[in-house]
Amino acid sequence: MAMASLYRRSLPSPPAIDFSSSEGKKIFNEALQKGTMEGFFRLISYFQTQSEPAYCGLASLSVVLNALSIDPGRKWKGPWRWFDESMLDCCEPLEVVKEKGISFGKVVCLAHCSGAKVEAFRTNQTTIDDFRKFVINCSTSENCHMISTYHRGVFKQTGSGHFSPIGGYNAERDMALILDVARFKYPPHWVPIKLLWEAMDSIDDSTGKRRGFMLISRPHREPGLLYTLSCKDESWIKIAKYLKEDVPRLVSSQHVDSVEKILSVVFKSLPSNFNTFIRWVAELRRAEDTKQNLSAEEKSRLNLKQVVLKEVHETELFKHISKFLSSVGYEDSLTYTAAKACCQGAEILSGCSSKEFCCRETCVTCVKGPGEAEGTVVTGVVVRDGSEQNVDILVPSTQTNCECGPEANFPAGNDVFTVLLLALPPQTWSGIKDQALMQEMKQLISMASLPTMLQEEVLHLRRQLQLLKRCQENKEEEDFAAPAF
């Protein structure tokens with residue numbers, strides 16, 4: 001049965017006051033004079049309409065993360081790094097959000113996972129007076145923004161639970177400005193703080209818990225430069241269980257007498273889809289371009305990536321992992337394989353030796369052919385004598401050696417394995433029966449022995465692992481704090 005189309009809704013007023021009305025403008029000017037609209041200009045500069053009816057939480061978070069100038073570290077479209085609803089999937093698959101919406105706890109999880117600093121409160125965890133103070137703090141600063149989740153019915157609006165950023169505060173009238181991300185439905189509007197508190201102090205039927213608000217601010221440093229986690233595929237659940245539960249059990253139940261034996265136990269018991277997991281879950285935040293035509297900011301970012309990778313390579317754990325993977329003939333570099341394919345393709349097209357080419361950039365896409373046979377299409381840019389050539393090639397299952405490889409700032413599988421093991425909780429290895437070996441392993445993964453930048457990279461991954469585990473155990477509605485280590 002076809003659904004009737006709608007063009008906006010009339011904003012019930014009172015209790016709300018349309019931001020663009022004469023009265024709304026007057027309230028805005030009063031607040032502006034009092035200095036409680038400082039956060040508004042950042043938010044309105046990056047304001048967006050939710051792209052799906054149930055994406056209010058994702059849209060609100062995208063607005064705030066962009067307003068805080070937090071770099072997502074990965075591309076949105078083209079060369080641009082930018083937070084968009086489609087990128088906020090590390091705590092709940094987008095298809096689930098599209099169908100059912102998202103809970104308060106999972107939006108908090110997403111904010112943490114995206115690298116922001118977050119403080120979150122349900123109404124039964126604070127008071128209206130404290131809430132008012134938080135609104136004032138965010139409204140007088142460009143460095144902190146608030147997202148509120150509330151029930152529309154209190155404002156006589158249609159619908160139920162909703163998320164939106166709070167854009168400002170008028171102290172004389174005790175009113176807050178809601179920047180409603182459902183702009184197709186209602187415009188931004190002013191509401192009394194007491195009514196907003198009442199709307200938040202309602203029960204979310206999906207969780208049985210009260211709604212509330214969160215304060216989001218910038219971290220001291222951007223989140224991971226090279227690695228991040230995601231749950232884009234259900235196979236992540238199996239991999240997470242393996243990393244968090246099976247690895248500790250394996251190293252404690254089997255006799256291991258060396259670091260190489262530990263690695264053998266861990267890697268030889270990997271789930272069958274672990275290689276795919278390495279490709280897309282431990283996402284390689286490689287350089288988006290070469291050193292040509294880069295801005296000063298991009299050059300600085302590229303240099304930082306190279307520093308972090310160098311620090312990974314210098315760890316003793318990396319040396320052990322590289323030696324072990326080499327001993328078992330593991331093809332550990334997806335980018336290296338892609339680079340070889342591109343060079344071979346360029347050789348075929350040009351008739352020149354592949355040794356004369358250098359691969360500048362690669363993109364890997366999995367495809368299915370006749371009979372559902374899987375293949376891999378590699379798109380690359382190869383360089384010869386200063387000229388560039390685009391190459392698209394279907395990678396064959398057998399590979400030949402090529403003396404051309406990716407630039408050093410492209411992480412390989414052994415880099416990923418190293419950082420993943422560093423990111424596991426220290427207690428992972430506490431079940432090793434050989435005390436001397438257990439101490440050696442703890443020394444290898446000790447945070448104290450890592451350089452500062454690598455420490456931050458590892459801690460970012462460790463926080464994400466903990467947050468994802470929290471979501472998978474359905475504890476995200478109970479614990480809002482960032483994981484502590």
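The values are calculated or read from the model by the stated rules, or taken from the named source; none is laboratory data. Quick caveat: nothing in here was measured; it's all calculated off a predicted structure. Cβ placement follows ideal geometry from the backbone for every residue including glycine, while neighbour counts extend to all protein chains displayed. Remember, those area values only see protein heavy atoms, side chains included, never the ligands or the DNA or RNA. Shrake-Rupley method; radii C 1.70, N 1.55, O 1.52, S 1.80 Å.
Would you mind listing the helices (runs of 4 or more DSSP H) fully within the stretch 1-85 where at least 2 residues are surrounded by 19 or more Cβ atoms within 10 Å (Cβ to Cβ) and under 18 Å from the mean Cα position of the chain (by Cα)? Explain how you work it out, then say what you get.
Details: elements: 22-33, 38-45, 56-67.
In the stretch 1-85, 56-67 are the helices (runs of 4 or more DSSP H) which contain 2 or more residues that are surrounded by 19 or more Cβ atoms within 10 Å (Cβ to Cβ) and under 18 Å from the mean Cα position of the chain (by Cα).
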Every residue from the stretch 455-485 that is of a type in the set (A, V, I, L, M, F, W, C) and either within 15 Å of residue 424 (Cβ to Cβ) or open to solvent by 30 Å² or more (accessible area, probe 1.4 Å) (or both): 458, 459, 461, 465, 467, 468, 481, 482, 484, 485
In the list 128, 193, 216, 147, which residue meets the criterion of being touching a helix residue (DSSP H, G or I) at 6+ places or on another chain (Cβ under 6 Å) and within 30 Å of residue 305 (Cβ to Cβ)? 216
Tell me the residue from 91, 109 that is open to solvent by less than 60 Å² (accessible area, probe 1.4 Å), hydrophobic (A, V, I, L, M, F, W, C), more than 28 Å from residue 195 (Cα to Cα) and touching a Leu at 6+ places or on another chain (Cβ under 7 Å), please. 91
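Hey, can you tell me all the residues within the stretch 427-439 that are within 20 Å of residue 455 (Cα to Cα) and open to solvent by less than 60 Å² (accessible area, probe 1.4 Å)? Even if it seems obvious, please write down each step before you answer.
Going residue by residue through the stretch 427-439, those that are within 20 Å of residue 455 (Cα to Cα) are 427-429, 439.
Passing the criteria: 428, 429.
Checking the conditions here, which among 78, 101, 73, 115 is on the phi > 0 side of the Ramachandran plot and free of Cβ contacts under 8 Å to residues at least 60 places away in the same chain?
On the way: 101 fails: free of Cβ contacts under 8 Å to residues at least 60 places away in the same chain; 73 fails: free of Cβ contacts under 8 Å to residues at least 60 places away in the same chain; 115 fails: free of Cβ contacts under 8 Å to residues at least 60 places away in the same chain.
Of the residues listed, the single one that is on the phi > 0 side of the Ramachandran plot and free of Cβ contacts under 8 Å to residues at least 60 places away in the same chain is 78.
Of everything in the stretch 241-258 that's crowded, with 19+ Cβ neighbours inside 10 Å and assigned to a helix (DSSP H, G or I), which residue is modelled with the lowest pLDDT?
To start, the set of residues in the stretch 241-258 that are crowded, with 19+ Cβ neighbours inside 10 Å comprises 243, 247, 251, 256.
Filter once more, keeping what is assigned to a helix (DSSP H, G or I): 243, 247, 251.
Working: 243: 80, 247: 88, 251: 88.
This residue is 243.
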